[in-house]
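I have placed the structure first, in the form of structure tokens, so that the comments after it can refer back to it.
The values are calculated or read from the model by the stated rules, or taken from the named source; none is laboratory data. Note that the structure is a prediction, hence the values are computed from the model and not measured. All accessible areas refer to the heavy atoms of the entire protein, side chains included, with ligands and DNA or RNA removed. Shrake-Rupley method; radii C 1.70, N 1.55, O 1.52, S 1.80 Å.
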Amino acid sequence: MTKELWINLPVKDIKRSREFFRNIGFNFNTQHPENDQSVSLVIGSKNIIVMLFREDIFKGFIQHDVTDTAVSSEMLISIDAESPEEVDAIAEKVSASGGIIFGKPSAIQGWMYGCGFTDPDGHRWNVLHMDLSKMPEH
């Protein structure tokens with residue numbers, strides 16, 4: 001049934017968002033042309049697509065109001081990292097590129113290491129390195 005997963009997010013400024021995600025190391029979908037209405041990110045080896053649409057275009061798709069990320073969150077996008085050092089590096093790039101770290105890099109539950117950040121439009125992201133050998137058994 002499902003072959004791909006596309007996550008769609010509204011952004012106020014496509015150029016600013018494109019530069020932010022480029023600066024922190026994301027790859028772009030070369031099959032989707034970059035323009036002033038949208039940009040397409042490719043995440044991970046499974047090629048998850050995150051489409052960033054200019055807010056007015058996004059609102060036309062959803063036929064509903066856009067969430068005000070200054071006061072609420074509709075979702076948390078989590079991505080994995082190869083190592084704790086990669087988590088730290090991404091956090092540094094986020095800060096240098098205008099994002100906000102809301103959860104500083106730290107150990108979590110004894111088997112994960114991660115941080116949380118917001119992109120320029122306030123969407124919340126979580127970067128985690130998981131050491132499955134230390135994961136508690138249930």
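In table form, for the structure just shown:
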quantity	calculated
Taking region 2-138 and dividing mean pair separation by its residue count, relative contact order in percent (alpha carbons under 8 Å, at least six apart)	22
Accessible area per residue, Å², region 1-117 with all protein chains present, probe 1.4 Å	64
Accessible heavy-atom area order of V42, V50, V71, highest first, probe of 1.4 Å	V71, V42, V50
Matching label, mean projected area of the Cα convex hull in nm² computed from the structure shown, candidates (i) 21.5; (ii) 9.6; (iii) 10.1	(iii)
Surface share of carbon and sulfur [accessible, 1.4 angstrom probe, percent] for region 1-123	50
The chain - mean residue ellipticity at 222 nm from DSSP helices (-39,500 (n - 2.57) per run, n ≥ 4, rounded to 500)	-6500 deg cm²/dmol
Rounded tilt (10° steps) of 14-23 against the dominant C-alpha axis of the chain	20
Table column - 3J(HN,Hα) (Hz), region 39-52, Karplus curve with 6.51, -1.76, 1.60, x for Gly and Pro	8, 10, 9, 10, 10, x, 6, 8, 6, 5, 9, 10, 8, 9
Rounded to 5, the percent of DSSP beta bridges in region 60-138 classed as antiparallel	70
Where I100, I108 fall by accessible area, highest first, once all protein chains stay in place (1.4 Å)	I100, I108
Cα-Cα over 22 Å, subset of K15/K59; K46/K104; K12/K46; K59/K104	K46/K104; K12/K46; K59/K104
